[in-house]
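The structure appears below as structure tokens.
None of the figures in this text is laboratory data; all of them are computed from the coordinates on show. Because the structure is a prediction, the values reported are computed rather than measured. Every residue, glycine among them, receives a Cβ derived from its backbone with ideal geometry; neighbour counts consider all protein chains shown.
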Amino acid sequence: MKNFLAASLAFILFAAVPARAQQERWDARLAAVSGDVTVIAADGSPEVSGEAGLPLEEGDRVVVAEGASAEVALDGGSLITVREKSDFKIEKTEKADASFFLSVGSLLAKIQKLSGQRLRVRTPAAVAAVRGTEFGIEVEGENSHVGVFDEGKVEVSGGVGGPPELLISNQETSVAKGHAPGHAAQLKRFIARRSQMRGQGRRLAAIRSKWKVLPPDRRREMRGKVMERMRDHRKRLIEKRSVLKQNVEIRRNQNGERGRQRHQENLRKMEERRKNINRGGRRERK
């Protein structure tokens with residue numbers, strides 16, 4: 001009997017491990033896309049166009065073109081808005097030590113309060129450690145900028161040793177690549193983003209109200225279907241752009257040819273007028 005109970009308990013604990021491991025990872029999904037957003041999968045498969053609802057995995061990159069934006073939701077309780085001309089990578093989704101990488105561009109994030117968890121956003125020059133806050137990050141050349149809005153704290157480290165800089169509400173700092181972060185200062189660079197941050201809160205409330213937990217199998221199935229559909233969509237989009245580019249080139253060549261013909265015609269008319277003037281002058285002399 002004891003052996004049976006021990007075996008049963010071991011089976012229950014073993015069966016519970018996958019579910020618990022799944023719960024310890026952020027469920028990252030694209031909550032919304034606007035404009036040209038590309039997802040480059042970690043497995044090296046062809047890139048796809050981003051679509052709302054697409055589950056994201058570790059190693060995926062979300063590349064946002066000019067004039068576009070993408071929202072990445074975490075468990076329906078946190079939201080990262082990747083702004084235009086940005087490249088954002090999901091490095092680790094373990095809640096105990098989650099990590100994201102912004103190589104270029106900017107983002108705004110509203111992260112729920114983290115209890116015993118760790119979330120970092122890295123850039124080429126800095127690391128922002130978050131415990132639950134509203135913050136923004138911008139990567140500009142060799143410099144990175146981090147700002148905290150109305151709530152929370154962010155600990156910013158540079159690419160060298162030394163103490164980190166702690167930002168509290170309405171503070172910001174800048175970090176040059178290979179240097180320690182500057183002293184915290186009153187919000188200035190990010191002040192224009194404050195209204196967008198308020199919109200972030202409203203968007204998060206809307207996402208949370210519709211969020212549905214996905215079992216692992218269902219999540220994999222949804223990702224596969226969306227990736228396949230959006231891969232076909234991107235292929236058609238690329239083909240359409242290629243045709244448009246060819247048409248533009250054809251029209252450019254046609255316009256150039258018409259311009260050359262007009263130029264030749266104008267030269268011919270000018271030459272004809274010049275000859276007429278010369279003939280008229282000779283008749284008058286006679």
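Values for this structure:
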quantity	calculated
Relative contact order [Cα under 8 Å, 6+ residues apart], the chain, whole percent	12
Packing-based order for 253-262, 99-108, using average beta carbon neighbours within 10 Å, highest first	99-108, 253-262
Protection-proxy order for peptides 128-138, 201-211, each taking the mean of Cβ atoms within 10 Å per residue, highest first	128-138, 201-211
Contact order normalised by residue count of the stretch 100-170, Cα under 8 Å, 6+ apart, percent	27
Formal net charge of residues neighbouring K210 (Cβ-Cβ distance under 12 Å; K, R +1; D, E -1)	+4
Lys/Arg +1, Asp/Glu -1 at C-beta; the chain dipole; positive extreme among Q264, I191, V82	Q264
Within the stretch 27-213, percent of DSSP bridges classed antiparallel, to nearest 5	95
Span-like helix ranges in the chain, DSSP H, alpha carbon extent 20 angstrom or more, Kyte mean at least -1.0	2-23
Debye, to nearest 20: dipole size of the chain, +1 on Lys, Arg Cβ, -1 on Asp, Glu Cβ	2300
Proximal charge balance of D97 [Cβ under 9 Å; K/R count +1, D/E count -1]	+3
Pairs from K89/K177; K210/K235; K92/K188; K92/K235 whose Cα-Cα separation, in the structure shown, is over 25 Å	K210/K235; K92/K188; K92/K235
Segments 114-124, 190-200 sorted - mean Cβ within 10 Å per residue, highest first	114-124, 190-200
Equivalent ellipsoid dimensions for the stretch 128-286 as semi-axes, Å, which come from the Cα gyration tensor, largest first	64, 31, 16
Using a Förster distance of 41 Å, the FRET efficiency for N266-R236 (Cβ separation, nearest 0.05)	0.40
Three-way shape label, the stretch 117-158, alpha-carbon gyration tensor, a/c 1.5	oblate
C-alpha center-to-center spacing [the stretch 64-128, the stretch 232-253] in angstrom	33
CD proxy at 222 nm, helix term only [per DSSP H run n ≥ 4: -39500 (n - 2.57); per residue of the chain; nearest 500]	-14000 deg cm²/dmol
Local electrostatic count, R251, Cβ distance below 13 Å [Lys/Arg +1, Asp/Glu -1]	+1
Given charges at Cβ of Lys, Arg, Asp, Glu: the chain dipole, positive-most of T173, V160, I250	I250
